[in-house]
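> Okay, handing you the structure first.
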Amino acid sequence: LHTAYRRQRQMCIRDSLCSSFLWSMCLIPQLYKNYERGTTEGLSLRWASANTIASLLNLNFVARITLPLYIQISAIYMPILELCILSQFVFLKNSTKIRRLAGIILLLLLAGIVIVTLLWSTFNQFSGYMEWIAVVLWSIETYPQVWMNARKESTEGQSAITVFISFLGKTTDFISMSCLAIPLQYQVMTYFSTSSAYINIVQYLYLSLIHI
């Protein structure tokens with residue numbers, strides 16, 4: 001029994017490491033696609049904003065508790081990628097309205113980073129609540145993109161590789177969650193965000209096939 005438990009735990013740890021690796025690679029194809037196209041047209045600013053805000057709130061939470069090193073590294077690395085994508089909405093070709101709105105959001109987030117850093121101990125009591133906000137944002141982040149895709153009847157703004165990696169990442173998240181001791185916030189997020197990732201990949205495949 002002890003051997004079986006140890007094997008199961010080792011498998012879950014491997015899944016968690018695999019998940020962290022997948023998420024570290026997930027947004028790079030999207031960044032490249034935006035750069036190659038010279039625009040973020042077809043990509044939802046709401047998706048990018050929710051992702052970035054959630055990642056920053058999560059970093060604030062992770063920095064205050066004891067978690068495995070790979071989770072801490074991911075918590076630092078992901079907001080950087082998210083901010084880069086949000087910056088592409090400002091600096092790449094897009095409508096003036098979207099560029100201005102993205103610029104305002106980016107400036108507010110940078111100001112927030114400075115304020116939290118300067119008042120680090122003050123925000124300690126709010127870190128748990130802030131993480132729940134991150135959980136809500138991560139749980140619903142994909143739906144604005146799914147809605148945009150449905151309205152345009154196209155997934156041209158999304159990178160196929162990013163969508164597929166998200167699908168794999170959410171799958172490994174769900175498997176590892178079943179046998180590792182992780183905060184309740186992460187468990188809630190995994191249930192909801194996994195379903196949205198599955199909806200997104202089904203939609204991507206469907207819209208791609210009907211346009212062949």
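The values are calculated or read from the model by the stated rules, or taken from the named source; none is laboratory data. Bear in mind the structure is a predicted one, so any value in this text is a computation, not a measurement. Because the Cβ atoms are built from the backbone with ideal geometry, glycine has one as well, and the counts that use them run over all protein chains shown. What goes into the accessible areas is simple: the full protein's heavy atoms, side chains included, and nothing from ligands, DNA or RNA. Shrake-Rupley method; radii C 1.70, N 1.55, O 1.52, S 1.80 Å.
> Sort the stretch 12-68 into rounded, prolate or oblate with this rule: let a ≥ b ≥ c be the square roots of the eigenvalues of the Cα gyration tensor; rounded if a/c is under 1.5, and if a/c is not under 1.5, prolate when a/b is larger than b/c, oblate otherwise. The partial results should precede the final answer.
Numbers: a/c = 3.36, a/b = 1.60, b/c = 2.10.
In terms of gyration-tensor shape, oblate.
> Subtracting the Cα-Cα distance from 0.36 nm times the residue separation, let me have the gained length for K152 to I98 in nm, one decimal.
On the way: separation 54, 0.36 × 54 = 19.44 nm, distance 1.69 nm.
Gain on extension, K152 to I98, equals 17.7 nm.
> I would also like to ask the following. Spin-label point model (7 Å from Cα, Cβ direction): what's the I28 to T117 distance in nm?
About 2.6 nm separates the two model spin labels.
> log₁₀ I(q)/I(0) of the stretch 71-157 at q = 0.13 Å⁻¹, via Debye over equal Cα point scatterers, no solvent, to two decimals?
-0.60
> When the accessible area of the chain is split by element with a 1.4 Å probe, what percent falls to carbon and sulfur?
Working: 8320 of 11940 Å².
Answer for the chain is 70 percent, counting heavy atoms of protein chains only.
> Also, quick follow-up: When you take every Cα atom in the stretch 109-157, what is the radius of gyration, and what is Dmax, the widest Cα pair distance, in Å?
Using the Cα atoms of the stretch 109-157, the pair Rg, Dmax is 16.4, 47 Å.
> Residue separation times 0.36 nm, minus the C-alpha to C-alpha distance between I161 and Y206: what's the value? Write out the running numbers ahead of the final one.
On the way: separation 45, 0.36 × 45 = 16.20 nm, distance 1.56 nm.
Residue separation times 0.36 nm, minus the Cα-Cα distance, leaves 14.6 nm.
> Arrange the peptides 91-98, 150-157, 195-202 so that the one whose residues have, on average, the most other Cβ atoms within 10 Å appears first.
Details: 91-98: 12.5, 150-157: 14.1, 195-202: 16.6.
Top of the packing list down: 195-202, 150-157, 91-98.
> Now for a different question. Within the stretch 15-66, which trypsin sites (Lys or Arg not before Pro) sit in a loop by DSSP and count at most 16 neighbouring Cβ atoms inside 10 Å? Could you put the intermediate results ahead of the total?
Details: sites: K33, R37, R46, R64; in loops: R64.
In loop regions of the stretch 15-66 (DSSP not H, G, I, E or B), the sparsely surrounded trypsin sites (Lys or Arg not before Pro) are R64.
> Show me, for the stretch 40-49, the HN-Hα J-couplings you get by feeding each phi into the Karplus relation (A = 6.51, B = -1.76, C = 1.60, θ = phi - 60°), rounded to Hz, glycine and proline as x.
10, 4, x, 10, 7, 5, 5, 4, 5, 5
> All other residues with a Cβ under 14 Å from the Cβ of A48 taken together, and with Lys, Arg as +1 and Asp, Glu as -1, what is their net charge?
0
> Now a separate question. Could you give the nm distance between label points at I65 and V188, where each point is 7 Å from its Cα heading toward the beta carbon?
1.2 nm
> I want the local charge near V90. Using Cβ-Cβ distances under 10 Å, sum +1 for each Lys or Arg and -1 for each Asp or Glu among the other residues. Working shown, then result.
On the way: positive: R99, R100; negative: none.
Residues near V90 contribute +2 overall.
> In whole angstrom, how long is each semi-axis of the equivalent ellipsoid of the chain, when you take the square root of 5 times every eigenvalue of its Cα gyration tensor and sort them from largest down?
Working: eigenvalues 167, 116, 36 Å².
Its equivalent ellipsoid spans semi-axes of 29, 24, 13 Å.
> Shifting gears a bit: Per residue, how much accessible area does the chain have with a 1.4 Å probe, in Å²?
Values: 11940 Å² over 212 residues.
Accessible area per residue, the chain: 56 Å².
> Calculate one ³J(HN,Hα) per residue across the stretch 95-105 by plugging θ = phi - 60° into the Karplus curve 6.51 cos²θ - 1.76 cosθ + 1.60, and present them in order as whole Hz with x for glycine and proline.
5, 4, 4, 5, 4, 5, 5, 5, x, 5, 4
> OK, next. Determine ³J(HN,Hα), in whole Hz, for all residues of the stretch 123-139 in sequence, where each value follows from phi through the Karplus function 6.51 cos²θ - 1.76 cosθ + 1.60 and θ = phi - 60°; x replaces Gly and Pro.
7, 4, 5, 9, 4, x, 5, 5, 5, 5, 4, 4, 4, 4, 5, 5, 6
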